[in-house]
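The values are calculated or read from the model by the stated rules, or taken from the named source; none is laboratory data. Remember, predicted model here, so these are calculated numbers, not experimental data. Positions of Cβ are generated from backbone atoms using ideal geometry, with glycine treated the same way; all protein chains shown enter the neighbour counts. Heavy atoms of the whole protein, side chains included, go into the accessibility calculation; ligands, DNA and RNA do not. Shrake-Rupley method; radii C 1.70, N 1.55, O 1.52, S 1.80 Å.
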Amino acid sequence: CRLPPLPLSRRACSRFPPARPAMGGHRGATPVLAALLGLGAVLAYGERRRRATPAPQYPQYTREEVGRHRSLQDRIWVTHGTEVFDVTDFVELHPGGADKLLLAAGGPLEPFWALYAVHNQPHVLELLQEYKVGELSPEEAPVAPEATQDPFARDPQRHPGLRVNSQKPFNAEPPAELLAENFLTPNELFFTRNHLPVPTVDPASYRLRVEGPGGRELSLSLAELRSRFPKHEVTATLQCAGNRRTEMSSVRPVKGLAWDIGAISTARWGGVRLRDLLLHAGFSSERQGEWHVCFEGLDTDVGGVSYGASIPYSRAVDPAADVLLAYEMNGQELPRDHGFPLRVVVPGVVGARSVKWLRRGAITPAESPSHWQQNDYKGFCPSVDWDTVDYKTSPAIQELPVQSAITQPRPGAAVPEGELTVKGYAWSGGGREVVRVDVSLDGGRSWRTARLKGEQPVAPGRAWAWVLWELEAPVTAGAELEIVCKAVDRSYNVQPDTVAPIWNLRGVLSNAWHRVRVTVT
């Protein structure tokens, strides 16, 4: 018989003596009983050790000595406050990627934790204690105050109606009740997905760099972009890969921001076609083999690493793909939270590829090497966990699957008897037009067709914007309703009925039937 392993770290396990081959003193006991007796002995031994052992005396180190431990060969040491930690064994387990943790190698964690405020939680500090190996010498100076200054202090003000998922970096969605009230989402309520602090950009000195094979390079100011190229406008919906992640979390825990149904919004974007810019720079409309356009933003971490992503070159130069370098949003100058002064807008594709605060575009034979292209925003089988995941085995998300959600009524609401109005949105990636939204009031046993509202696409395969939908139905007092919606696109793709079969450890691509339960009063 085998008992489940104790929930102890390797470091904690090393405090216990090795188990003996046979369990003396329990002759004739069954294997299970013997194991239980052994388990009790181990726990009792640990409890005696905790009561009897004084707090450990750690050696002291200077910052110079800590700084010598900057590689896996020499071990990775970091400091926090006055404590020293050897985090070598944690590097590959770091949820943000090994490269991010290695930025702090040999130095203090504080400047990085100021950037990624999610670390300042009790369970993170508790985990860190498992790796403690020493203390800083008393004569060592504390971390300089400027190193821990808040890098988010210059972020813009936000609308108080937004539902905030994280403050630093700022991530928020509009209230669900307002999502379907306007076909174009007001700028101040457009969902915000930031990975890093919002950069402050001087439009007068801003320049966009475009690079490619053969040493071709182009540098353009904002004024040159506006004057040299015709303005093109496109109405497009952007959706975060993690939209509706909370529904996946209800099946099993996932890692990521707790987005409800609002990590999606629609705007009328104005700017320069990426195709026009690339052809002007001397790049052909066709390339042999697989090529990509890699984007870098002006938002950077403390190590100077920019947010980055890429799209296939074929999409970038396709006149029907409508890929924009946008400087306007709903007829106004781009807001800072949404990429001022210039951002990429890739219609029909996951929002992660629409890089904000664009500073550079490069034509390369490989995808962007960015963490967010290589080690994030990918889907996996439900059986894959954090011990077995291999990001190299899965392609980066580009076009998103068909999606819909109910914005009115809200879950748990008490609705009056009589005529019930149900509202929501529906959208599909890749320019596939939503042709139908089915709505059920009884959990999917019977269905009705909703009325669709929206703009007509300019051509088949270029339905970049969502449709809003409504359904009116009579309801009687005392009824318990389970309202369900599902969308169907032009290719007859339809949403799956449940979350469990599409669950994945990052909680992305959540597009099962949306369900809302209400009571009729």
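Could you look through region 276-306, keep only residues that are charged (D, E, K, R) and open to solvent by less than 60 Å² (accessible area, probe 1.4 Å), and pick out the one that is nearest to A321 (Cα to Cα)?
Among those that are charged (D, E, K, R) and open to solvent by less than 60 Å² (accessible area, probe 1.4 Å), it is D276.
Collect the residues in region 176-198 that are open to solvent by 20 Å² or more (accessible area, probe 1.4 Å) and assigned to a loop (DSSP other than H, G, I, E, B), keeping them in residue-number order.
E181, N182, F183, L184, P186, H195
Considering only residues that are in a strand (DSSP E or B) and either open to solvent by 30 Å² or more (accessible area, probe 1.4 Å) or on the phi > 0 side of the Ramachandran plot (or both), which ones fall in region 72-100?
So in region 72-100, the residues in a strand (DSSP E or B) come out as 75-80, 83-86.
Selection gives R75, H80, E83.
For region 101-117, enumerate the residues that are modelled with pLDDT of 75 or more and either assigned to a helix (DSSP H, G or I) or among the β-branched types (V, I, T) (or both). I'd like the intermediate steps shown before the answer.
Pass one, region 101-117, residues modelled with pLDDT of 75 or more: 101-113.
Of everything in region 101-117, those that are modelled with pLDDT of 75 or more and either assigned to a helix (DSSP H, G or I) or among the β-branched types (V, I, T) (or both) turn out to be L101, L102, E110, P111, F112, W113.
Scan region 260-276 and give yes if some residue there is among the small types (G, A, S) and in contact with a Pro (Cβ under 6 Å, 6 or more places away or on another chain), otherwise no.
Among the residues of region 260-276, at least one is among the small types (G, A, S) and in contact with a Pro (Cβ under 6 Å, 6 or more places away or on another chain), which makes the answer yes.
Among the numbered criteria (1) over 24 Å from L238 (Cα atoms); (2) open to solvent by less than 80 Å² (accessible area, probe 1.4 Å); (3) of a type outside the set (A, V, I, L, M), which one does P501 miss?
For P501, the failing item is (2).
Here's the yes/no breakdown for (1) assigned to a loop (DSSP other than H, G, I, E, B); (2) more than 30 Å from T407 (Cα to Cα); (3) more than 18 Å from the chain's Cα centre (by Cα):
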{"residue": "V251", "(1), (2), (3)": "yes, no, yes"}
{"residue": "D260", "(1), (2), (3)": "yes, no, no"}
{"residue": "E286", "(1), (2), (3)": "yes, yes, yes"}
{"residue": "G304", "(1), (2), (3)": "yes, yes, yes"}
{"residue": "I311", "(1), (2), (3)": "no, yes, no"}
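Quick one: in region 155-175, of everything that is of a type in the set (S, T, N, Q) and open to solvent by less than 30 Å² (accessible area, probe 1.4 Å), which residue is farthest from G351 (Cα to Cα)?
Across region 155-175, the extreme among qualifying residues is S166.
Identify all residues within region 55-82 that are in contact with a strand residue (DSSP E or B) (Cβ under 6 Å, 6 or more places away or on another chain) and of a type in the set (D, E, K, R); write none if there are none.
Kept after step one, since they are in contact with a strand residue (DSSP E or B) (Cβ under 6 Å, 6 or more places away or on another chain), are these residues of region 55-82: 58-61, 66, 69, 75, 77-79, 82.
Scanning region 55-82 gives a single hit, R75.
In region 307-318, which residue that is open to solvent by 30 Å² or more (accessible area, probe 1.4 Å) and out of contact with any strand residue (DSSP E or B) (no Cβ under 8 Å at 6 or more places or on another chain) is farthest from A366 (Cα to Cα)?
Applying the filter and picking the extreme gives D318.
Look through region 372-400, keep the residues that are crowded, with 20+ Cβ neighbours inside 10 Å and touching a Gly at 6+ places or on another chain (Cβ under 7 Å), and return whichever of them is farthest from I264 (Cα to Cα). Give the derivation first.
Taking region 372-400 first, the residues crowded, with 20+ Cβ neighbours inside 10 Å are 373, 376-378, 396-397, 400.
Restricting the remaining residues to those that are touching a Gly at 6+ places or on another chain (Cβ under 7 Å) gives 373, 397, 400.
Working: Q373: 20, I397: 16, L400: 12 Å.
Per the stated criteria, the residue is Q373.
Got a number for residues in region 201-221 being assigned to a loop (DSSP other than H, G, I, E, B) and either in contact with an Asp or Glu (Cβ under 6 Å, 6 or more places away or on another chain) or loosely packed, with under 12 Cβ neighbours inside 10 Å (or both)?
Here is the first cut: in region 201-221, the residues assigned to a loop (DSSP other than H, G, I, E, B) are 201-206, 212, 216.
Within this subset, residues satisfying the condition of being either in contact with an Asp or Glu (Cβ under 6 Å, 6 or more places away or on another chain) or loosely packed, with under 12 Cβ neighbours inside 10 Å (or both) are 202, 204-205.
Total satisfying the criteria: 3.
Looking only at strands (runs of 3 or more DSSP E) that lie completely in region 399-495, which have at least 2 residues being in the same structural domain as V323 (by the TED database), closer than 16 Å to R517 by Cα and of a type in the set (K, R)?
none
Filtering region 416-470 down to residues that are modelled with pLDDT of 95 or more and β-branched (V, I, T), which residue is nearest to L400 (Cα to Cα)?
V434
Which residues, counting only those in region 328-365, are hydroxyl-bearing (S, T, Y) and either in a loop (DSSP other than H, G, I, E, B) or open to solvent by less than 10 Å² (accessible area, probe 1.4 Å) (or both)?
If the condition is that a residue be hydroxyl-bearing (S, T, Y) and either in a loop (DSSP other than H, G, I, E, B) or open to solvent by less than 10 Å² (accessible area, probe 1.4 Å) (or both), then S354 is the only one that fits.
Which number in (1) in contact with a Cys (Cβ under 7 Å, 6 or more places away or on another chain); (2) of a type outside the set (K, R); (3) open to solvent by 40 Å² or more (accessible area, probe 1.4 Å) marks the one condition that S404 misses?
Among (1) in contact with a Cys (Cβ under 7 Å, 6 or more places away or on another chain); (2) of a type outside the set (K, R); (3) open to solvent by 40 Å² or more (accessible area, probe 1.4 Å), the lone unmet condition for S404 is (3).
Of the conditions (1) more than 18 Å from the chain's Cα centre (by Cα); (2) closer than 22 Å to P312 by Cβ, S354 fails just one. Which one is it?
(1)
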